[in-house]
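All remarks here apply to the structure that follows.
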Amino acid sequence: MEISFLGAAGEVGRSCFIVKGRKNTMLDCGIKVGSGDKTQFPLLEDSDVKQLDNAVISHAHVDHCAYAPWLYKHKYAGKMFLTKPTHDLAQLLLADYLRIAKDFTPYSQADVNNFLKNNTIVEYGDEKVFAREGIQFHEAGHILGSAITELSEEKTVVYSGDFNSRSTRLLEPAKLGYSAQILVLESTYGGKADLHPSNKDSTQLFIKEIRQTLDAGGKVIVPTFATGRGQEVLFAIESHIKSGMLPKTPIYLDGMVKKALKIYRHNAIYLKKEVQRRILTSDDDPFKNELYKYPKTRSREDVTEGGPCIILTTSGMLNGGPVFTYLKKLAGDANNKMILVGYQAAGTRGRALLEGQKSVEIDGERVEVKMPVVQASFSGHSDHKELVEFTRQINGLEKVFLVHGEGRKNEELRESIEKTCKKVKVEIPKLGETLEC
Ligand SMILES: [Zn+2]
Ligand SMILES: [Zn+2]
């Protein structure tokens, strides 16, 4: 049995792996946002498609699913497994991807439709599907519908996808404790210094930062992924307004955040029990609030010319989307503030600003950034310690492949895992490599 690493090897983005055993199973098929050239796609050839029997999409983020329609363009005839929320969110995110990537599109809307029509919805923990197909999903706690995949092959493989071991405002934590010989593990926060503060501490810091700016009459921009962080951030703000810790302020939802919110609401049964209860059995529905507003004009002048407010908008790493409009109009005023809440990959504008850069290029124009840019941790990923603990709790583990992490983080995570799990061998695959299990 072997695994080919066609993306997300030494990088965050374009997750795509093929497990070759009794059957050939693809784990994720994503793109790398922002690179703009061929390096944004996984190293897939037409000939790979014919040899595939099954494919799994772990969750709807574009770095895990946005290349899947390409398979259908190349006449993929195998099965495609995903959860219901992943299906619904992917429909939204792929439409947006096609719109943004207009000049460099690897497939058409028709291929997206084929992908959406020809897949198999699987629920978490479905033993019957596991017995029949050798594939089982488990809660990953990362975004709505995100899954850890258990694959029964010549050896049992656990593919972590992106996962969060902590319970959040909306989601149950990832399921821990498996029996498997092989683990394909994400390493986004694999560095030894990557230790997340407690949810309580990071929320308090986030709320304090917002409050300071609102009290001084400024506007707060929170760029976020449309799915996952967007909803967590919104509900953190909502509950602090309700408790009086934040003033009653308009919260503008822009870009995909608004549409993704509807999908979260429709898929409420995949949310945490207590959130389900609020939605289904009380009037206290966090998805409905008179303070949630939507910009009225394309220019967003009603927002940028108005009073203090909070703006939640895509994209999270400042790669595109309406956040550009807000940056152009609001970044030059030191009274405003930008709070980054998600992972900022190397080479993105978000990362550059965090590292102290005082301007960014947008649509060929230099935009001066005088407003403070701060970071609040709302991570949907496990941190260094939690990644090690996830690994430690796998029975019979022989080998770990680290993916979805940059450079040194992989090395540091390998060191810690090998120290904690003495019998386990950790490998850091290179892009395009096929390694034996
Ligand atoms: Zn993700
Ligand atoms: Zn990812």
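The values are calculated or read from the model by the stated rules, or taken from the named source; none is laboratory data. Predicted model only: the values in this text are computed from it and were never measured. When we count neighbours, we look across all protein chains shown, and the Cβ atoms used for this are built from the backbone with ideal geometry, even at glycine. For the accessible areas, the whole protein counts, side chains as well, though only heavy atoms, and no ligand, DNA or RNA atoms are used. Shrake-Rupley method; radii C 1.70, N 1.55, O 1.52, S 1.80 Å.
Principal axis extents of the C-alpha atoms in segment 37-157 (largest first, rounded to whole Å): 43, 31, 25. Assign one of three labels to segment 269-418, namely rounded, prolate or oblate, based on the Cα gyration tensor with a ≥ b ≥ c the square roots of its eigenvalues; rounded applies when a/c is under 1.5, prolate when it is not and a/b is larger than b/c, and oblate otherwise. Cα axes put segment 269-418 in the oblate bin.
Accessible surface for segment 391-437, divided over its residues, is 54 Å² per residue with a 1.4 Å probe.
Between segment 20-66 and segment 86-159, the C-alpha centres lie 11 angstrom from each other. Annotation note: trypsin sites (Lys or Arg not before Pro) in segment 344-396 located in DSSP loop regions with a Cβ neighbour count of at most 15 within 10 Å are Lys358, Lys370.
Figure note: Thr227, Thr156 ranked by solvent-accessible area, largest first, 1.4 Å probe, ligands and nucleic acids not counted: Thr156, Thr227.
In a DSSP loop and with at most 16 other Cβ atoms within 10 Å, the chymotrypsin sites (Phe, Trp or Tyr not before Pro) in segment 38-114 are Phe104. The angle between the Cα long axis of helix 84-100 and the main principal axis of the chain comes to about 70°, on a 0 to 90 degree scale. Per-residue SASA remark: His74, around 50 Å² accessible (1.4 Å probe; ligands, DNA and RNA not included). Going by accessible surface with a 1.4 Å probe and the largest first, His64, His266 read His266, His64. Summary value for segment 199-375: 30 percent relative contact order, contacts being C-alpha pairs under 8 angstrom separated by 6+ residues. Among residues other than Thr39 whose Cβ falls under 10 Å from its Cβ, what is the net charge (Lys/Arg +1, Asp/Glu -1)? Residues close to Thr39 contribute a combined charge of +1. Surface composition of the chain: carbon and sulfur make up 48 percent of the accessible area, probe 1.4 Å. Taking the longest Cα principal axis of the chain as reference, the axis of helix 407-420 is set at about 60 degrees.
Please list Ile100, Ile269 from largest to smallest accessible area, probe radius 1.4 Å, with all protein chains kept in place. Intermediate results must be reported in sequence, preceding the final value.
On the way: Ile100 90, Ile269 120 Å².
The ranking, largest first, comes out as Ile269, Ile100.
Evaluate the relative contact order of the chain (contact order divided by residue number), counting alpha-carbon pairs under 8 angstrom at least 6 apart; express in whole percent. Relative contact order for the chain comes out at 20 percent. The helix-based estimate of mean residue ellipticity at 222 nm for the chain, built from -39,500 (n - 2.57) per DSSP H run of four or more residues and divided by its residue count, is -9500 deg cm²/dmol to the nearest 500. When the surface is traced with a 1.4 Å probe over the full set of protein chains, Asp88 keeps roughly 30 Å² accessible. With all protein chains kept in place, the per residue accessible area of segment 199-375 amounts to 45 square angstrom at a probe of 1.4 angstrom. Beyond a 28 Å Cα-Cα separation, which of these cross-linked pairs lie in this structure: Lys50/Lys422; Lys38/Lys84; Lys38/Lys337; Lys175/Lys200; Lys32/Lys73? Violating the 28 Å Cα-Cα cut-off are Lys50/Lys422; Lys38/Lys84; Lys38/Lys337. Relative to the first principal axis of the alpha-carbon coordinates of the chain, what is the inclination of helix 199-215, with its axis defined by its Cα atoms, in degrees from 0 to 90 and to the nearest 10? Helix 199-215 sits at roughly 30 degrees to that axis. Summarising the strand pairing of segment 199-375, around 20 percent of its internal DSSP beta bridges are antiparallel.
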